[in-house]
1. Considering only the range 11-29, state which residues are surrounded by fewer than 16 Cβ atoms within 10 Å (Cβ to Cβ) and either closer than 18 Å to ALA97 by Cβ or in contact with a strand residue (DSSP E or B) (Cβ under 8 Å, 6 or more places away or on another chain) (or both).
2. Condition test on LYS86, is it among the basic types (Lys, Arg), open to solvent by 40 Å² or more (accessible area, probe 1.4 Å) and without any contact (Cβ under 8 Å) to a residue 40 or more places away in the chain?
3. Under the condition of being touching a strand residue (DSSP E or B) at 6+ places or on another chain (Cβ under 6 Å) and more than 15 Å from TRP105 (Cβ to Cβ), which residue from the range 33-65 is most open to solvent (accessible area, probe 1.4 Å)?
4. In the range 81-109, how many are under 23 Å from GLN1 (Cα atoms) and out of contact with any Ser or Thr (no Cβ under 6 Å at 6 or more places or on another chain)?
5. I'm told ALA24 meets every condition in (1) in contact (Cβ under 8 Å) with a residue 40 or more places away in the chain; (2) in a loop (DSSP other than H, G, I, E, B); (3) of a type outside the set (Asp, Glu) except one. Can you identify the failing condition by its number?
6. For the range 9-41, give me the residue count where each residue is under 13 Å from ASN83 (Cα atoms) and of a type in the set (Ser, Thr, Tyr).
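The values are calculated or read from the model by the stated rules, or taken from the named source; none is laboratory data. It should be emphasised that the depicted structure is a prediction, and the values quoted were computed from it without experimental measurement. Every residue, glycine among them, receives a Cβ derived from its backbone with ideal geometry; neighbour counts consider all protein chains shown. Accessible surface is based on the protein model in full, side chains and every heavy atom, while ligands, DNA and RNA are left aside. Shrake-Rupley method; radii C 1.70, N 1.55, O 1.52, S 1.80 Å.
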Amino acid sequence: QVQLVESGGGLVQPGGSLRLSCAASGSISSINGRGWYRQAPGKQRELVAAITSDGTTHYVGSMKGRFTLSRDNAKGTVYLQMNSLKADDTAVYYCYADSRLRRYWGQGTQVTVSS
């Protein structure tokens, strides 16, 4: 079993930055891929960014160039640095971790971009 705990969400003005963290505990040696999804009100959950166990990253759409995903395998933690935030980035952000058998999810952290 793997447990994920997100932190770092909050209220930020347009153009500002936030860094989200997702700490894993439990059977972290079983984890391969990690990443983040987000879900805005009235919209489907969408992939934000993903990172493989060797550090290869993949970003989706408008997040390219603004968001940076990194991981510290020793700590079992991934970080999502979000810069140049826009109102459209407002959503609940969920981290995930993939083991060979299943995907684990965090509880979500709210990010609100507003002046």
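1. LEU11, GLN13, PRO14, GLY16, SER17, ARG19, SER25, GLY26, SER27, SER29
2. no
3. Among those residues, the one meeting the criterion is HIS58.
4. 15
5. (2)
6. 1
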